[in-house]
Structure formats: C-alpha cells, structure tokens
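The structure under discussion appears below in the form of structure tokens.
The values are calculated or read from the model by the stated rules, or taken from the named source; none is laboratory data. Just so you know, these numbers come straight off a predicted model, no measurement behind them. Please note: Cβ atoms are built from the backbone with ideal geometry, for glycine as well, and neighbour counts cover all protein chains shown. All accessible areas refer to the heavy atoms of the entire protein, side chains included, with ligands and DNA or RNA removed. Shrake-Rupley method; radii C 1.70, N 1.55, O 1.52, S 1.80 Å.
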Amino acid sequence: MAWKLRPSTMADATWIAELRAVVLLDDLERLGRYDPVRVRRRFLDAFDPASTSVIVIDGADAGSITLRTDDAGAVWVEHFYLDPVFQGRGIGSAVLAQVLAADSSATFRLNVLQGSPARRLYERVGFDVDSEDEVDVFMTRILT
C-alpha cells in the first residue's frame with residue numbers, strides 16, 4: 001500500500017471528525033466518556049488545517065495527524081487517526097516515523113486514552129510516560 005501526507009483544508013474537517021468518532025469509540029465507551037456530539041465537537045472546535053496533514057492511502061483519504069508547537073517549543077502530536085481498515089498494517093508506524101524524523105531535534109508530546117492500543121505504538125518509537133490520570137496518559141519523546 002502506498003501512502004503519503006497531504007496538507008489538509010477546511011473541507012476535511014467533517015470527515016476527520018467522523019473518523020475520530022469511529023476510532024475513539026471503543027476507548028471512550030470503555031472509559032464511560034463517549035458522547036457522540038462531544039467527540040465530534042471537540043475536534044471541530046480545535047481543527048487547524050494549517051497544522052494538520054491528511055494520510056492518503058492508495059489515493060484515498062484515510063487518516064490525519066496534527067503537529068502543534070506549544071509556547072515552550074514542544075511539538076504536540078494530536079488528532080492522529082487512521083481508518084480502522086488500515087490499522088495494524090504498519091502505516092501508522094510509518095507515518096509517525098516520518099513525522100518524528102522530519103524534526104529529529106524536537107521534543108514531541110502527546111496524550112493517549114488509558115488502555116488504548118495506540119500507546120504501544122508510541123512506546124515503540126520512544127515516547128515515555130510523563131503523567132497519567134483516569135482518562136489520559138501524557139507522553140514525551142526527547143532525543144538526546
């Protein structure tokens with residue numbers, strides 16, 4: 001499968017919000033936090049096409065990843081979603097590896113839902129747990 005990243009546009013917001021609802025459904029239900037309106041609204045309220053890329057697989061839009069730099073200079077990996085049809089095939093790992101390699105001196109941060117299988121991916125590429133609460137695990141990857 002061939003994949004690439006393309007810049008997102010405002011026209012991508014609705015389908016990415018829908019993808020988010022699908023991808024997070026199991027974890028949010030398990031945590032007792034699923035609200036079908038809120039899961040979409042939180043994405044739509046925060047969507048910034050300038051910092052979001054769309055993952056395109058074999059010519060079809062299949063996911064997203066957002067990179068946001070905070071005031072301290074850390075790069076936050078956010079809204080990293082991949083259509084479940086394509087999960088488990090190494091595409092998410094390849095996308096993340098490309099993103100991390102593009103700015104290899106940066107400190108990267110993210111949060112992942114408690115119990116999410118995505119945590120294993122983040123640990124494989126060098127993210128360590130900073131803190132956690134009943135819903136989220138906050139992780140950082142610092143290259144030395």
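Selection over segment 117-144 of residues that are under 23 Å from Ile57 (Cα atoms) and assigned to a loop (DSSP other than H, G, I, E, B) gives a count of 2. Taking each residue of segment 103-118 that is within 18 Å of Gly32 (Cα to Cα) and β-branched (Val, Ile, Thr) and looking for partners that are part of a strand (DSSP E or B) and open to solvent by less than 20 Å² (accessible area, probe 1.4 Å) with beta-carbon atoms closer than 8 Å, six or more apart or interchain, yields Val112/Val137; Val112/Met139. Selection of segment 10-40 for residues being of a type outside the set (Val, Ile, Thr) and over 14 Å from Leu113 (Cα atoms) yields Met10, Ala11, Asp12, Ala13, Trp15, Ala17, Glu18, Leu19, Asp35, Pro36, Arg38, Arg40. Among residues of segment 121-133 being at pLDDT 95 or above and surrounded by fewer than 13 Cβ atoms within 10 Å (Cβ to Cβ), the one that is nearest to Leu31 (Cα to Cα) is Asp133.
Filtering segment 66-92 to residues that are within 15 Å of Ala21 (Cα to Cα) and either touching a residue at least 40 places away in the same chain (Cβ under 8 Å) or not in a strand (DSSP E or B) (or both) leaves His79, Tyr81, Leu82, Asp83, Pro84, Val85. Candidates in segment 10-47 are the residues that are among the charged types (D, E, K, R) and not in a helix (DSSP H, G or I); of these, the one that is least open to solvent (accessible area, probe 1.4 Å) is Asp35. Which one is most open to solvent (accessible area, probe 1.4 Å), of the residues in segment 91-107 that are within 18 Å of Asp58 (Cβ to Cβ) and among the aliphatic types (A, V, I, L, M)? Of everything passing the filter in segment 91-107, Ala94 is most open to solvent (accessible area, probe 1.4 Å).
Of all the numbered requirements in (1) assigned to a loop (DSSP other than H, G, I, E, B); (2) modelled with pLDDT under 95; (3) within 16 Å of the chain's Cα centre (by Cα), Leu100 misses one, and that requirement is (1). Among the residues of segment 103-116, count how many are within 14 Å of Leu31 (Cα to Cα), assigned to a loop (DSSP other than H, G, I, E, B) and touching a Lys or Arg at 6+ places or on another chain (Cβ under 8 Å). Count: 1. If only residues of segment 48-75 that are farther than 17 Å from Asp103 by Cα and in contact with a helix residue (DSSP H, G or I) (Cβ under 9 Å, 6 or more places away or on another chain) are counted, the one that is most open to solvent (accessible area, probe 1.4 Å) is Asp61.
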